[in-house]
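Each value in this text was obtained by applying a stated rule to the coordinates, not by laboratory testing. Just so you know, these numbers come straight off a predicted model, no measurement behind them. Ideal geometry is used to build each Cβ from the backbone, glycine not excepted, and the neighbour counts take in all protein chains shown.
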């Protein structure tokens, strides 16, 4: 951090011949030895005009660029909608950085801007940015303090993906999904003041499934970045013009590609007809499906008062502090069931959305380039409504 420097001299030595110069010198002395007053930032309420304008901005951003999240917001508790929209809008702003910057250096600057924005927001001094204003207002009005670490992890994971696209192995892909999509669910759960090991455990698996599916959806877009991005009902570049010639990337895990005999050059030449590509997509999609199956199994175990079949993998990660209940088995069964019921609306949506897309992928025999995979899932609201009534996903 740069050190502030002041040049403080003997002002009376500049000029002492006239009363006017003496008065000027006196003013300089007063300024040199005065103390800068502390500036108190007035808290912003959710009812304020600025917060309401920020909510409108974030809602429109989610509606236009993340249709599934907007549709599923109807199953979120109404009182956390401002936090939900701010968190989802934050994710959109971070994820579209690669599409709006001319090079990675500028991309890093944008990521640093968001890290600084997070710090200022949690210091009750948010910049004039809609996401920051809305998050600050929500925390101010409700007294609920979201986890700054999780927000920062999302930015760092996206920045790393910008600097080094692709994944060495499928475990690296899962780690990326945990650091992005699972973090979004943790943040949303914390917005309802739910600090539940069980809920976070289920959310972790759902988030990993959603993150892996998102990476699969991006395969055609990164392999052929000049093609229109009609995927997930988003226009090209998340609605913004492409400002750089993006390098072709195949973001399937390298270990899976090697096992299935897939070569990048073959994908660039033949697209979905590349040898071994469907097998590789199947292997990665199976891992996403496995996480959804595990999440459902956990819910079933909790609802039937059984002990969880395995512990939460990220139990000791930063941000997951649960007091005396350090393991799933130490949590009273009634408490676990109650927590899941409270978290259902948050977790159910991404699980259903991901499952529907995986079902469509299976119907086209894992042809990741099939045009039907780029069409918005019109059944999502209906299926979500029905599953909500059944309390399943």
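Arranged by the count of other C-beta atoms within 10 angstrom, fewest first, what order do 149, 168, 117 take?
Numbers: 149 14, 168 11, 117 20.
Going from sparsest to densest Cβ surroundings: 168, 149, 117.
Relative contact order for the stretch 251-393: what percent, with Cα pairs under 8 Å and sequence separation of 6 or more? Intermediate values should be presented prior to the final figure.
Numbers: 97 pairs, mean separation 33.6, N = 143.
Contact order relative to length: 23 percent.
If we count other beta carbons within 10 Å of each Cβ, what is the order of 358, 184, 254, fewest first?
Details: 358 20, 184 24, 254 17.
Fewest-to-most ranking of 358, 184, 254: 254, 358, 184.
Can you put 101, 44, 335 in order of Cβ neighbours within 10 angstrom, beginning with the fewest?
Details: 101 18, 44 21, 335 14.
Ranking 101, 44, 335 by Cβ neighbours within 10 Å, fewest first, gives 335, 101, 44.
How would you rank 294-301, 102-109, 201-208, highest first, on the average number of other Cβ atoms within 10 Å across their residues?
Sorting 294-301, 102-109, 201-208 by mean packing, highest first, produces 201-208, 294-301, 102-109.
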